[in-house]
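Colleague: Sending over a structure as structure tokens; questions will come in a sec.
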Amino acid sequence: MPPKPSTLNNTIALVLIALTVFFTGAAIYLSMRRYSQQAKASQVLTLDIASLAPESNVGEGATTTEFSLYSEEGYIYKSEGDGLAAVVDFISKNPQVIEDNVMGASTTTPTRKIKTQKKILPTNFLANSYLSRKKDDSKDTFLKKQGFNLKSEHYYFRQKINNIPIYKASLSVHLKNANEVYALSGSVALNEQVSPAVISKSDAEKVALEKAKEEASNLLLHKSSTQDYVFNHKIMGLSDDGTNYPTLAVVVESEGRPSRFAKRYFVSLADNTILYTENLRESVLSRGIYTCDNGSTSCSLARQEGEAPVGEPDTDNTYTYLGDTYNYYLQTFQRDSFDNSGFPLDAFVNLTTQIECPNAFWTKAPANMFAICDGMSGKDVIAHEYTHAVTEYTADLLSTDQSGAMNEAMSDIFAYAIDTSNWTVGEDTTLGVIRHADDPGRDPANTGGPHPDRLYSPNYYCGTADDGGTHQNMSVPIKAFYLMTAGGSFNGCTINAVGRATAHAVFYRTLTTYLSPTSNFRSLYNSMLQSCGELFSTNPSLCNEVKKSMQAVEIDQQTLNTQTASSCANIPRQVPECATQSPTSTPAGPTATPTAGPSPTPTRIPTSGPSPTGFPTSTPQPQATSTPLPASPTPESTSTPRPTSTPKATPTRPPITADSIILHMKLKFQGILIKPPDEFNTMAIHVGVKHTGQIEPVFSDGDFIANAGGVWIGDVVINDATPGEDFFFYVKGPKHIQKRICTERPVETYDGTYICGDTGRIRLVKGDNTIDFSNVSLLSGDLPVQDGIANSYDLSTVRNFLGRTDAEALQLADVNLDGIIDTQDYSLILHSLAFRFDESPE
Amino acid sequence: MYMSARQIIILFIVLTVLSIGIIVMSRQNVKRQETNVVVPTSTTAPVRSNNPRGSLTLRDTGRSSVFKKGDTIPLTVIADSFQMPIVGYDVVVQYDPDTVAYKNVNNLQKEFDVVPAVQANRVILTGIKKLEIKEGTKFSSTPLAELTFEATSEGPAAFSIVFEKGKTNDSNLMTDTNEDILDTIKTDTIAIGQPVELEQGIETKIDNGVVSITLTATEKSPPNCNDCIESASLQVTKDGQTETVKFQFGGFAGLMQSDAEAFGYVFHVDTIQSGSVNLYYYIK
């Protein structure tokens, strides 16, 4: 039944009303929300970063924040008050930053900007901070003296939680004109929760002391002070961990003044771990040289920092060279001792029987010490060992295989920063010269020399001794260093010198920034390029020379993620990339060595057999030939005579006597299926006969001519043989390998497969004999000048003569006598390689 | 069949397009054939170069230079041609069949076909550059092939490359101008020894009790020591006489004293453990 009209109208009205109510409600809700937001926004000071100076930025982070904000011009905020009051007024406004973020950058959605608002300070920052420092430029005497009339004020706050400072959490606010905030920066915690402390402070002190004793076991140590701190890794820039840890900062120092050791350990009171260590010493060189004369196991301090020379060469030299090396690293790279925390330098010298001598080493355990055998205190030796310590505290390279070789290489490379007088190592010691950076091939045999100068050098050591040849293969990166420092031509590459300081800068950044314990030569190559690009971004040509130096020694050809050298894994070598570049100039330098051609992936081939896979097993059918090319000039006669003679085209036939054995022979030659053109239809054939048991055959030659079916017919006269029934035959064509035949009508299924037995069974009589060997093919392959074997001489001849139709080429290499040297001739010889040798008397 | 003028025009257009296509394709074929022509570069018959500089090296690329019976011995043939493009080579490797047996060969240069031939005490590798690749290959420490042998009995096993200047039926390096430039060869010797594990202080009899050996000391490089020397000392006694032999590795100089001799025996150590070594010995 249809609804009544009034009911319908009511229904419609209700719906309309409901809709009206819904939309009205929605409008009210949205208005309220907007109002609420506006109201909320009005309680904070918002700073649109787009209106600030471009260098302004705010870091990401939910629990911490790091920011630097600068006004483009004018100020960020102007206060009613002056000085500190203005700063407090600004902070109390709870400043927040608005940033534009680009969203939706995909193939389907267009990019759009979304404004996001970031807190830069916790709400109650003023309550949880303290003014740690104030600086007034108008009172700065240095600025005044320099002529600057600045009137800015700078206020520095430190953040705290529960009255405990957060270590290094700070805010600085900069004012001008007394009340205009023009810049602010800081790194603070937004989260003010601290992990609960469950460890006692005395336990924390013990942890710090134990750690210190581990690091400086040769010194007497004590706790000098402690302080509570909240420690936040994110604020320190150490990691993304934004947790606030309760810590006890324990300062441990060595006895005596000035103390040689002073460090602050931040021990977590949450779990008793050391979160952070600070070296409190200034960068002061501190050397202690201990002498261990006469094989004594107890060594005495012979000279320490600041003391006069003692007159003992090893003591004084070690003292001096340690200082030289320390100062080099400090002045060049601002590296304070090998650990970059001013670790004291302790060396034990004059060792004789206490360790294996002659030698020098550095060891981290137990005491970060240098051990120098008597007579081993050379400048490069000390610098080498010092750099081992640097490596230990930076890349921490393994001491085995390629990582170990790089570890050793770094030590020599930086030894060349201290000892710049030559390109050798060890010359001032009892060992004498043990390594040559410029030519590792000269390194002596007792050190495993000659050493390799590139990855694919035959001298590259693939064995296990000396931790995988670390002191042998180190010479590869060292050679690269030499090339980039001194320049020169090597391995097809021409390198312009970048100089010692530049090379060292790149190696240092690589060692201390990019290499990891298991890095290999390829990692070194990649890291060097990265380092050079960063250090010398404005001079790409310089980095290209660095790159070429490394390509020249082939370290870019090392496979990543393996300690096995590509050369030891038989991975084919490639032509160095730098060898294909044209040099920008021609520097003086080492003699060039050759480059290799393309080296494709290895292909396994089968073991020896009659017909290797991929090679023809029967005479190939004729194919379309290459386009003939004009004849080449007459060759020069420069060859060394080959041992056996080739049958002459028209042999001198021996006289026929009453005792002569006259052979009327039929022969078949591999690849000649029909009668060749008349101009090629003569072959001089070398034929020998021999009784079973006779040592040498009796040979004679005869001319043979082919019939229409490709069977070669000719006569051979033998004068010095006694007739009999046990003859072997030896037949050799002018481009063929010799065939031994022992039956009168030999047959074979495929070319070359007839094999003669141990007994000759051919009957020969005085006078005429008919010999039909036309059912076996005489294989080609031994081209003039013949030497009894088919090998690369013969194949190369055909290959190099391909397409030739001139008489000289045809006489040498036209195996199938069709008037052209082509792939058929090549294939015939390839087939013969399965047989290869002249069949000789048994 | 009746065809309208429109159909004829369409057919004409189709045929024209087809014809043009066929012509274009056939011209491309002609071009392709033309590029297949191998341009010969040689002008002379094969000769020995007046300035031969090439070299062949036979090198043990395994992790040790001493093997035990039954071990596989990998040897790599490495060539240098000093900027000369090579199109073919022969490497005749001679070995002692009483100590090793030839197993197989692995071609490491894809652009070359390699055909091996085995004789009583020789393996002959003939490599020839594939015809479809026009240029020769300049070898520079280039691994050509890896030969694999099996160690069959103890003793030194010398491998040599057969080469005599002026001979053509031995090892050769042939250039694209038909010159044999091979001039020098480098060979390798490995040893096949009897393995013995020695514990420090414990006397061990070897060679049917003829000789006794005692590991008297070992010095293993401690962790975190750079340039420490590792060493091992043995006391070798035969017929009441005693000799001390020492093995040393590493140190600042990178010592490599892995072999020592006493009483006509050769002793070999590759790695030293704390208190033990794996020793190989064989009669010199």
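The values are calculated or read from the model by the stated rules, or taken from the named source; none is laboratory data. Quantities reported herein were computed from a predicted structural model and do not represent experimental measurements. Glycine also receives a Cβ, built like all others from the backbone with ideal geometry; neighbour counts cover every protein chain displayed. Only protein heavy atoms, including side chains, enter the accessible area calculation; ligands, DNA and RNA are left aside. Shrake-Rupley method; radii C 1.70, N 1.55, O 1.52, S 1.80 Å.
Colleague: Look at segment B:269-283 and say how many of its residues are assigned to a strand (DSSP E or B) and either under 30 Å from A:Val381 (Cβ atoms) or without any contact (Cβ under 8 Å) to a residue 40 or more places away in the chain (or both).
Modeller: The first filter runs over segment B:269-283 and keeps only residues assigned to a strand (DSSP E or B), leaving B:269-273, B:276-283.
Right, trim to either under 30 Å from A:Val381 (Cβ atoms) or without any contact (Cβ under 8 Å) to a residue 40 or more places away in the chain (or both) and you get B:269-273, B:277.
Adding up the residues that qualify gives 6.
Colleague: Please return the ranges of helices (runs of 4 or more DSSP H) entirely within segment A:404-520 where 3 or more residues are open to solvent by 30 Å² or more (accessible area, probe 1.4 Å).
Modeller: On the way: elements: A:465-473, A:475-486, A:500-509.
Qualifying helices (runs of 4 or more DSSP H): A:500-509.
Colleague: I'm trying to understand the selection: among the residues of segment A:653-681, which are surrounded by fewer than 17 Cβ atoms within 10 Å (Cβ to Cβ) and part of a loop (DSSP other than H, G, I, E, B)?
Modeller: Matches in segment A:653-681: A:Arg653, A:Pro654, A:Pro655, A:Ile656, A:Thr657, A:Ala658, A:Asp659, A:Leu673, A:Ile674, A:Pro677, A:Asn681.
Colleague: Name the single residue, out of those in segment A:521-544 being open to solvent by 10 Å² or more (accessible area, probe 1.4 Å), under 23 Å from A:Gln402 (Cβ atoms) and of a type in the set (S, T, N, Q), that is nearest to the chain's Cα centre (by Cα).
Modeller: In this case the residue turns out to be A:Ser523.
Colleague: Between A:Gly688, A:Gly710, A:Gly760, which is buried (at least 17 other Cβ atoms within 10 Å of the Cβ) and closer than 15 Å to A:Leu817 by Cβ?
Modeller: A:Gly710
Colleague: To continue, here is another question. State which residue is farthest from B:Ile192 (Cα to Cα) when the search covers only segment B:145-165 and only residues that are assigned to a strand (DSSP E or B) and facing another protein chain (nearest Cβ under 10 Å).
Modeller: In this case the residue turns out to be B:Ala145.
Colleague: Answer yes if at least one residue in segment B:231-239 is without any contact (Cβ under 8 Å) to a residue 60 or more places away in the chain and either within 9 Å of chain A (Cβ to nearest Cβ) or within 25 Å of A:Pro450 (Cα to Cα) (or both), and no otherwise.
Modeller: Among the residues of segment B:231-239, at least one is without any contact (Cβ under 8 Å) to a residue 60 or more places away in the chain and either within 9 Å of chain A (Cβ to nearest Cβ) or within 25 Å of A:Pro450 (Cα to Cα) (or both), which makes the answer yes.
Colleague: Further, regarding this structure: Could you list, in sequence order, all residues of segment A:545-570 that are within 16 Å of the chain's Cα centre (by Cα) and in a helix (DSSP H, G or I)?
Modeller: Listed by number, the residues that qualify are A:Val546, A:Lys547, A:Lys548, A:Ser549, A:Met550, A:Gln551, A:Ala552, A:Ile555, A:Asp556, A:Gln557.
Colleague: Any idea which of A:Phe157, A:Phe148 is at pLDDT below 90 and of a type in the set (Phe, Trp, Tyr)?
Modeller: It is A:Phe148.
Colleague: Restricting attention to segment A:320-334, does a residue exist that is β-branched (Val, Ile, Thr), surrounded by 21 or more Cβ atoms within 10 Å (Cβ to Cβ) and within 14 Å of chain B (Cβ to nearest Cβ)?
Modeller: No: zero hits.
Colleague: Would you confirm, using the coordinates I've provided, whether A:Leu795 is within 13 Å of chain B (Cβ to nearest Cβ), farther than 20 Å from A:Ala684 by Cα and not in a strand (DSSP E or B)?
Modeller: Numbers: within 13 Å of chain B (Cβ to nearest Cβ): yes; farther than 20 Å from A:Ala684 by Cα: yes; not in a strand (DSSP E or B): yes.
Against the criterion (within 13 Å of chain B (Cβ to nearest Cβ), farther than 20 Å from A:Ala684 by Cα and not in a strand (DSSP E or B)), A:Leu795 qualifies.
Colleague: Looking at segment A:475-499 only, could you name the residues that are under 15 Å from A:Asp439 (Cβ atoms) and within 13 Å of chain B (Cβ to nearest Cβ)?
Modeller: Answer for segment A:475-499, where residues must be under 15 Å from A:Asp439 (Cβ atoms) and within 13 Å of chain B (Cβ to nearest Cβ): A:Ser475, A:Val476, A:Ile478, A:Ser489, A:Phe490, A:Asn491.
Colleague: Applying the selection to segment A:352-386, what residues are acidic (Asp, Glu) and either more than 8 Å from chain B (Cβ to nearest Cβ) or part of a strand (DSSP E or B) (or both)?
Modeller: Answer for segment A:352-386, where residues must be acidic (Asp, Glu) and either more than 8 Å from chain B (Cβ to nearest Cβ) or part of a strand (DSSP E or B) (or both): A:Asp374, A:Asp380.
Colleague: Kindly evaluate B:Thr187 against the criterion of being open to solvent by 10 Å² or more (accessible area, probe 1.4 Å), more than 7 Å from chain A (Cβ to nearest Cβ), over 16 Å from the mean Cα position of the chain (by Cα) and in contact (Cβ under 8 Å) with a residue 40 or more places away in the chain.
Modeller: no
Colleague: Mind listing whichever residues of segment B:116-139 are farther than 21 Å from A:Phe801 by Cα and either open to solvent by less than 30 Å² (accessible area, probe 1.4 Å) or not in a strand (DSSP E or B) (or both)? Outline the logic, then answer.
Modeller: Going through segment B:116-139, the residues farther than 21 Å from A:Phe801 by Cα turn out to be B:116-125, B:139.
B:Pro116, B:Ala117, B:Gln119, B:Ala120, B:Asn121, B:Val123, B:Ile124, B:Leu125, B:Phe139 - these are the residues of segment B:116-139 that are farther than 21 Å from A:Phe801 by Cα and either open to solvent by less than 30 Å² (accessible area, probe 1.4 Å) or not in a strand (DSSP E or B) (or both).
Colleague: Moving on. Of the conditions (1) assigned to a helix (DSSP H, G or I); (2) touching a residue at least 60 places away in the same chain (Cβ under 8 Å); (3) touching a Ser or Thr at 6+ places or on another chain (Cβ under 9 Å); (4) open to solvent by 50 Å² or more (accessible area, probe 1.4 Å), A:Asp203 satisfies every one except a single condition; which number is it?
Modeller: Result: A:Asp203 passes all but (3).
Colleague: Let me ask something else. Just give me the residues in segment A:404-432 being at the interface with chain B (Cβ under 10 Å from one of its Cβ atoms) and more than 28 Å from A:Thr512 (Cα to Cα), in sequence order.
Modeller: Within segment A:404-432, A:Thr429, A:Leu431, A:Gly432 qualify.
Residues are listed down the side, and each one gets a yes or a no for (1) without any contact (Cβ under 8 Å) to a residue 40 or more places away in the chain; (2) under 28 Å from A:Tyr328 (Cα atoms); (3) among the aliphatic types (A, V, I, L, M):
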position: A:Ala437; (1), (2), (3): no, yes, yes
position: A:Arg442; (1), (2), (3): yes, no, no
position: A:Thr464; (1), (2), (3): yes, no, no
position: A:His471; (1), (2), (3): no, yes, no
position: A:Val476; (1), (2), (3): no, yes, yes
position: A:Tyr482; (1), (2), (3): no, yes, no
position: A:Thr494; (1), (2), (3): no, no, no
position: A:Ala503; (1), (2), (3): no, yes, yes
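Colleague: I'd like to check something: does segment B:36-55 contain any residue that is closer than 20 Å to A:Ser457 by Cα, facing chain A (nearest Cβ under 7 Å), open to solvent by 50 Å² or more (accessible area, probe 1.4 Å) and modelled with pLDDT under 90? Reasoning before the result, please.
Modeller: Going through segment B:36-55, the residues closer than 20 Å to A:Ser457 by Cα turn out to be B:53-55.
Then drop every residue that is not facing chain A (nearest Cβ under 7 Å), which leaves none.
No, the conditions are met nowhere in segment B:36-55.
Colleague: Listed residues A:Leu175, A:Leu209; which is touching a helix residue (DSSP H, G or I) at 6+ places or on another chain (Cβ under 8 Å) and not in a loop (DSSP other than H, G, I, E, B)?
Modeller: Values: A:Leu209 fails: touching a helix residue (DSSP H, G or I) at 6+ places or on another chain (Cβ under 8 Å).
Answer to the selection: A:Leu175.
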